[in-house]
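Working notes, beginning with the structure itself.
The values are calculated or read from the model by the stated rules, or taken from the named source; none is laboratory data. Note that the structure is predicted; figures quoted are calculated from it, not measured. A quick note on method: Cβ atoms are made from the backbone with ideal geometry, for glycine too, and the neighbour counts reach across all protein chains shown.
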Amino acid sequence: LLILLRDAIVQHSPLKYVKAILSYKQININGAVRRGLRPLHYAVFENDLECVRLLIEDHGVDVNVLDDAGYSPLHLAAKYGFIDIMHILIDHGSLINFHIAINNSQACSMVVPHYDVIVEPLSLCLENNHIDCARLLIYSGAYVNQHYFLGYEINLLPYENLSALELILKHGANSNALSRSGITPLIKACREGNLGAATLLCRYGANVNYVTRKFRQRNALILTVESKRCDIIEILLVHGGFVNKHPDLCNSPLELAIRKDHIDAVKLLIAFGANTNEETNEDVECVTPLILACQLSNLKNQYSIIKCLLENDAEPNQSVSFNPQHQH
């Protein structure tokens, strides 16, 4: 009977046929058909609003049944952006925060078997850029700072979806949440060269000077100078980025801009107050930006960089000092 019911739903048979199958007392309307999928899952997947109403309102099916992948009917509706069905499911008691349900004794037995793989309906909305659906979930109590194995909701979000990013930031997402690899959302945006995301994150309080602790130590400004994105460099500096050497880093943004042969970045950093005489570590020596520019003979813009430094108070007679880190 369940297979007949599934086929009737999937083939969009007239509702009277679905009702006829449901009229059999032997049918278990909450039973699994295949891979844990229940009749309600199929009705939601087909975006069949009438069938969903019939199953829920007339036959009282469980709106929180999970398939073998840990998906509830609300997960499916969220993934595909079926907002009308989402309204019905939520109005009839669908769980919205499944990880939080782990601590709820009544829901625990239902959710725990899927705990390691389950994602939240909100995450599926954001991933697929269904903004209205995501907004509905948030207004219904969805938690925007859910933590997964690889990071928080904001760490996993595709930043091409600026509307989705702004939505969760507006509703309290932590702009400084660390991913499992120790990356902040701002560093992720800068690594991807995403000006819009970087601007949004700065506006919502992202720490522009945070230094990664894992792998190579970097901050957002250093990453952006490396990628030669003056537009993002300016955003970071406007929002308080350290224009000179960060206390936790060995090298300055100006030094890196010189190494990258990026005259526009050199000019921009100087315009924001970069110290043209700040010494940075160069093997056993501590050199100034001017000395470094003179040493790097492979720079195509060497003359322009040296000229820019001299025009902005670089000291031509400053001597090379010894790097104390190499003292024995």
When the range 136-160 is checked residue by residue, the ones that are out of contact with any helix residue (DSSP H, G or I) (no Cβ under 9 Å at 6 or more places or on another chain) and either among the hydroxyl-bearing types (Ser, Thr, Tyr) or assigned to a helix (DSSP H, G or I) (or both) are 139
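Kindly indicate which of 124, 95 is crowded, with 17+ Cβ neighbours inside 10 Å and modelled with pLDDT of 95 or more. So that I can check it myself, show each step before the final result.
Values: 95 fails: modelled with pLDDT of 95 or more.
Every option except 124 fails the conditions.
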Tell me the residue from 163, 179, 175 that is farther than 22 Å from residue 233 by Cβ and in a loop (DSSP other than H, G, I, E, B), please. 179
If a residue has to be of a type outside the set (Val, Ile, Thr) and under 19 Å from residue 81 (Cβ atoms) to count, how many in the range 131-153 make the cut? 10
Go through (1) touching a Pro at 6+ places or on another chain (Cβ under 7 Å); (2) free of Cβ contacts under 8 Å to residues at least 12 places away in the same chain one by one and return the number of the condition residue 255 breaks. (2)
Unmet criterion (only one of (1) surrounded by 20 or more Cβ atoms within 10 Å (Cβ to Cβ); (2) at pLDDT below 95; (3) assigned by TED's automatic domain parsing to the domain that holds residue 192) for residue 165: (2)
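Do we have any residue at all in the range 24-46 that's among the acidic types (Asp, Glu), surrounded by fewer than 20 Cβ atoms within 10 Å (Cβ to Cβ) and within 20 Å of residue 124 (Cβ to Cβ)? Please lay out each step first, then the result.
Within the range 24-46, the first condition is being among the acidic types (Asp, Glu), and the residues that meet it are 46.
Going one step further and asking which of them are surrounded by fewer than 20 Cβ atoms within 10 Å (Cβ to Cβ), we end up with 46.
From what's left, within 20 Å of residue 124 (Cβ to Cβ): 46.
Scanning the range 24-46, I find at least one residue that is among the acidic types (Asp, Glu), surrounded by fewer than 20 Cβ atoms within 10 Å (Cβ to Cβ) and within 20 Å of residue 124 (Cβ to Cβ), so the answer is yes.
Tell me, which residue of the range 182-199 that is assigned to a helix (DSSP H, G or I) and of a type outside the set (A, V, I, L, M) is surrounded by the fewest Cβ atoms within 10 Å (Cβ to Cβ)? Write out each step before concluding.
Start the filter on the range 182-199 by keeping residues that are assigned to a helix (DSSP H, G or I), which leaves 185-191, 195-199.
Applying the additional criterion that residues be of a type outside the set (A, V, I, L, M) yields 185, 188, 190-191, 196, 199.
Values: 185: 29, 188: 23, 190: 31, 191: 15, 196: 13, 199: 19.
Applying the filter and picking the extreme gives 196.
Report whether or not residue 70 is small (Gly, Ala, Ser), over 28 Å from the mean Cα position of the chain (by Cα) and at pLDDT below 95.
Numbers: small (Gly, Ala, Ser): yes; over 28 Å from the mean Cα position of the chain (by Cα): no; at pLDDT below 95: yes.
Answer is no for this residue.
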Looking at (1) in contact (Cβ under 8 Å) with a residue 24 or more places away in the chain; (2) out of contact with any Cys (no Cβ under 9 Å at 6 or more places or on another chain); (3) in the same structural domain as residue 309 (by TED's automatic domain parsing), find the lone condition where residue 265 falls short. (2)
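To keep it simple, each residue is scored yes or no on (1) surrounded by fewer than 18 Cβ atoms within 10 Å (Cβ to Cβ); (2) farther than 20 Å from residue 128 by Cβ; (3) out of contact with any Cys (no Cβ under 8 Å at 6 or more places or on another chain).
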| position | (1), (2), (3) |
| --- | --- |
| 15 | yes, yes, no |
| 65 | no, yes, yes |
| 68 | yes, yes, yes |
| 89 | no, no, yes |
